[in-house]
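The values are calculated or read from the model by the stated rules, or taken from the named source; none is laboratory data. Given the structure is predicted, the values throughout are model-derived calculations rather than measurements. Glycine gets a Cβ as well: all are built from the backbone with ideal geometry, and neighbour counts include every protein chain shown.
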Amino acid sequence: MNRTVGIVLTIVTVLCCACPGLALCVSGAAIAAGVPLSTTSITGGTTTQSYPATYGIGFICLSIILILIPVVVGILTLRQKPASVDSPVVPPS
């Protein structure tokens, strides 16, 4: 695989996986901390709701996986492949 293709794949996975992963990590941390994220207005009264902390922990775990995908793609596509050593085969005498 060409080095340019590896760079393009890494950039695409960063944009498609790592950026949403960071946003999911921030919202997961807010949910796990108990920050109310939604406010509902019904007939003049407002109620504030928060999600269970297990949802936030799940979002954080999912975001870690999404952030690790570009790291793995970058390592696999941009690493230096070892050069093959072609030693001549000596026939038995």
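Structure summary
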read-out	value
Test: residue in segment 50-59 that is farther than 30 Å from V5 by Cα, surrounded by 10 or more Cβ atoms within 10 Å (Cβ to Cβ), under 15 Å from the mean Cα position of the chain (by Cα) and of a type outside the set (D, E, K, R)	yes
Tabulated pairs, segment 68-82, first of a type in the set (S, T, N, Q), second not in a helix (DSSP H, G or I), C-beta under 9 angstrom, 6+ apart or interchain	T77/M1
Condition met for I11 (in contact with a helix residue (DSSP H, G or I) (Cβ under 8 Å, 6 or more places away or on another chain) and not small (G, A, S))	no
Segment 51-93, residues that are assigned to a loop (DSSP other than H, G, I, E, B), at pLDDT 85 or above and not aromatic (F, W, Y)	P52
Segment 1-31, residues that are touching a residue at least 60 places away in the same chain (Cβ under 8 Å) and of a type in the set (A, V, I, L, M, F, W, C)	M1, V5, I7, L9
